[in-house]
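See below for the structure under consideration.
Just so you know, all these numbers are worked out from the coordinates, no wet-lab data involved. No experiment lies behind these values; they were computed from the predicted model shown. As a convention, Cβ positions derive from the backbone with ideal geometry for all residues, glycine included, and neighbour counts pool all protein chains shown.
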Amino acid sequence: MKIGIAADHGGYALKESLVRYLQSRNYDVKDFGAHSLDDQDDYPDFVVPLAKAVASGEVDRGIAVCGSGVGASIAANKVKGVRAALISDPFSARQGVEDDDMNLICLGGRVIGERLAEVFVDGFLNATFSGAERHKRRLAKVANLENQ
Ligand code: RB5
């Protein structure tokens, strides 16, 4: 599975830690930056290219980190085909994929620690969309909004 990851300065430290974690688990990781810590950088500059790569299929799943995870989530969901959510518990990390086909997880680098982030990322990456009719019906209603 190819994983894209991105962060601004608020998520930079957690992103660097997650890149090492994912590589140690033999994931193919594409890092969309930031590639150095710059406290003046802006999360859309990194999150939007990541979101576009998820939408196009260049990467299979995305991980976006900013200080709270809120800005990353707002930005990522502007890209057609992206289903992003800010995750702060392990249940939602898994169920967000199983029920809602979440393809990009957002995390708060100033909110959660490295180990908890790894637990959430593991849940996200190990889950698959159930494909249940009721979930497909709901997702179709959401996807329709992208064509209005
Ligand atoms: C940057 O200071 C901070 O606002 C950003 O990382 C993020 O938390 C936005 O949602």
Given the conditions (1) charged (D, E, K, R); (2) surrounded by 22 or more Cβ atoms within 10 Å (Cβ to Cβ); (3) closer than 30 Å to Ala132 by Cβ, every one holds for Lys15 apart from (3)
All conditions in (1) touching a Leu at 6+ places or on another chain (Cβ under 6 Å); (2) farther than 30 Å from Lys141 by Cα; (3) not aliphatic (A, V, I, L, M) are true of Ser24 except (1)
Log entry, pairs with first residue in region 56-80 being in contact (Cβ under 8 Å) with a residue 24 or more places away in the chain, second being outside any strand (DSSP E or B) and hydroxyl-bearing (Ser, Thr, Tyr), beta carbons closer than 6 Å, six or more apart or on different chains, reads Cys66/Tyr43; Gly71/Tyr43; Ala72/Tyr43
So, first residue within 10 Å of Ile87 (Cβ to Cβ) in region 114-128, second residue in a helix (DSSP H, G or I) and basic (Lys, Arg), Cβ within less than 7 Å, six or more apart or across chains; the pairs are Gly123/Arg94
Could you count how many residues in region 18-34 are away from the ligand (no atom under 16 Å from the Cβ) and in a helix (DSSP H, G or I)? 6
Hey, among Ser92, Ser17, which residue is out of contact with any Pro (no Cβ under 6 Å at 6 or more places or on another chain), free of Cβ contacts under 8 Å to residues at least 24 places away in the same chain and more than 20 Å from Ala143 (Cβ to Cβ)? Ser92
